[in-house]
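**Student:** This structure is in structure tokens; I'll ask about it shortly.
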Amino acid sequence: MTGIKWTAGGKLGTQVISWAITLIVMRLLTPDDYGLLAMAAVFIAFMLMLSEAGLGPALIQKQDLDEASLRSVFAIVIIANSGLLLLFNLLAPSIADFFNEDRLIPILRVLSLQFLLKIFDTLPIVQLYRHLRFKALSLISFSTTIAGSVLTLLMAFAQFGVWALVLGNLFAAILNVIAINIAAPIHLAPRFSLTGMRHLLSFGKNVTLSRILWFFYMQIDTIIVGKLLGREALGFYSISMQLATLPVQRISSIINQVAFPIFSRIQDNREQFRSFILKAIRLLSLVAFPVLWGISSVANEIVLLFLGDKWNDAILPLQLLALIMPFRMIGNFFPSVTNALGRPDISLENTLYAVGIIPAALLIGAMQWGLTGVVIAWVITSPIVIIYSVHRSLRIIELNLFYFFRSIILAMCSAAGMYLAVWGVSALLAGNIDPWIKLLVMVASGALAYIGLMLIFNKHGYDEAIDLIRRQY
């Protein structure tokens, strides 16, 4: 909980400032700019996912770590990233041809510099996590993200277009590597030998395969929309997905950053392990359902007031996508659970199942009904895949779906009541009322409705969360 306090505090501060800046940037830039960046980001993110070959989590999970293993991992990271840098630059023209967009070539080549940075941050990050130094990680993330956001804003004002986004991200990445190495300097020479690396390589292989499939599952929508519907439609879709997944990414990253090293420490105490998992699910539900269903209930006001009329086509996708995001937030927690037990194969098999279902649904939706079809395909298939994956993950610690649904049902019902209250207030306020006042009244009404329903129907969960917060302060 101390780790969560620092990680959450840092990310909350980061997001308040960076998203205030981002909303201004969205008004200055166009859907076309964001669509162009999304086309580049999907490929650079895929390659970066391969940059450590899954060995970072393997080092964190391993109980006894020796210097020889660290040196061998360093050598593998050097070789992998050097190769990826060369490969990505060679593939840049082909990626641009795939989207019929020549402007992607220089963008891709500039972003490829991140492979050089990964060589120098993998081992320091492992050391920070192994020693549970969440305060340092939080402060570094806060300062570097804000610096990158400020540069993006200045370049957007200077009318650099998509390059404001590209160079802002790269600048933040450079500062992050410098800060990480100051916080956890490691002076090791690479060892170009695989002796004694069998366990780490096996673990890393499963993590990497799972990541590849997960990435395909999570990013295939960007490729489908960009290829079939064009960069403007991709701009609307990427922003609606970004807004809908913002709490998911931030809260999930907070929980997973803390959960994986902590669960790795207690992996042999199964009773405590199960207790932690159920408590984490309850607490995640208390946050996930009201926040994300709240975003869905005021999506119209969020888009029109903060982004402007030019983003009107992002309203419906945001409304629908936010409805399924609580399930994704909770589902994203479980790979940390199974990986901490030394079972990355569970995540791999779960992702294989998702890859077999969702891409086909997205493709059919895009071809038949355009952008709306893609979003509806997500809404229908995603909960099914997540619940199946949760079931398989729970089995290895001798729990079943009954415990899962019992942990989320009260928060889910309270959030549903909140949603109806917000819609009722919106209907009552329909007319000539200042839109900002309307939004504030809707948000306040939703918060009061949720807290009231929680106190009536889920007093235990409410008290549990309050007690946890009080004990930290």
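The values are calculated or read from the model by the stated rules, or taken from the named source; none is laboratory data. Owing to the predicted nature of the structure, the values given are computational and were not obtained by experimental measurement. All Cβ positions, glycine included, derive from the backbone under ideal geometry; neighbour counts span all protein chains shown. The accessibility values were calculated without ligands, DNA or RNA, using every heavy atom of the protein model including side chains. Shrake-Rupley method; radii C 1.70, N 1.55, O 1.52, S 1.80 Å.
**Student:** Given 0.36 nm per residue, what is the gain on full extension from Thr30 to Phe402 after removing their alpha carbon distance, in nm? Kindly include the intermediate steps, with their values, before the conclusion.
**Tutor:** Details: separation 372, 0.36 × 372 = 133.92 nm, distance 4.63 nm.
Taking 0.36 nm per residue and subtracting the Cα distance, the gain is 129.3 nm.
**Student:** Follow-up question, since we're still on this one. To the nearest 0.05, how large is the calculated FRET efficiency for Leu440 and Ala416 if R₀ is 25 Å and r is the Cβ-Cβ distance?
**Tutor:** Working: r = 22 Å, r/R0 = 0.89.
Approximately 0.65, to the nearest 0.05.
**Student:** Can I ask one more? Work out from phi, with θ = phi - 60° and the Karplus expression 6.51 cos²θ - 1.76 cosθ + 1.60, the ³J(HN,Hα) of each residue of the range 104-113, listed in order in whole Hz, and give x for Gly and Pro.
**Tutor:** With the stated coefficients, the range 104-113 comes to 5, 4, x, 5, 4, 5, 5, 5, 5, 4 Hz.
**Student:** Right, here's the next one. Using heavy-atom solvent-accessible surface (probe 1.4 Å) with all chains present, what is the largest-first order of Thr22, Thr351, Thr372?
**Tutor:** I get Thr372, Thr22, Thr351, largest accessible area first.
**Student:** Heavy atoms only, probe 1.4 Å: what % of the accessible area of the range 362-462 goes to carbon and sulfur, would you let me know?
**Tutor:** About 73 percent, which is the carbon plus sulfur part of the accessible surface.
**Student:** About its Cα centre, how strong a charge dipole does the chain have in debye, to the nearest 20, once Lys and Arg get +1 and Asp and Glu get -1 at the Cβ?
**Tutor:** Values: 33 positive and 24 negative charges, 226 e Å.
Once rounded to the nearest 20, the dipole reads 1080 debye.
**Student:** Here's another thing I want to ask about it. Using 0.36 nm per residue, how much length does the chain from Glu67 to Arg392 gain when fully extended, once their Cα-Cα distance is taken away?
**Tutor:** Gain in length upon complete extension: 113.4 nm.
**Student:** Quick one: how many Å² of His391 are accessible to a 1.4 Å probe, rounded to 10?
**Tutor:** In the full protein context, His391 sits at about 60 Å².
**Student:** If you don't mind, another one. Quickly estimate the mean residue ellipticity at 222 nm for the chain, helices only: each DSSP H run with n ≥ 4 gives -39500 (n - 2.57), and the total goes over all residues, rounded to 500.
**Tutor:** Using -39500 (n - 2.57) per qualifying helix, the result is -29500 deg cm²/dmol.
**Student:** How many angstrom lie between the Cα centre of the range 147-194 and the Cα centre of the range 323-362?
**Tutor:** Measuring centre to centre over Cα atoms gives 29 Å.
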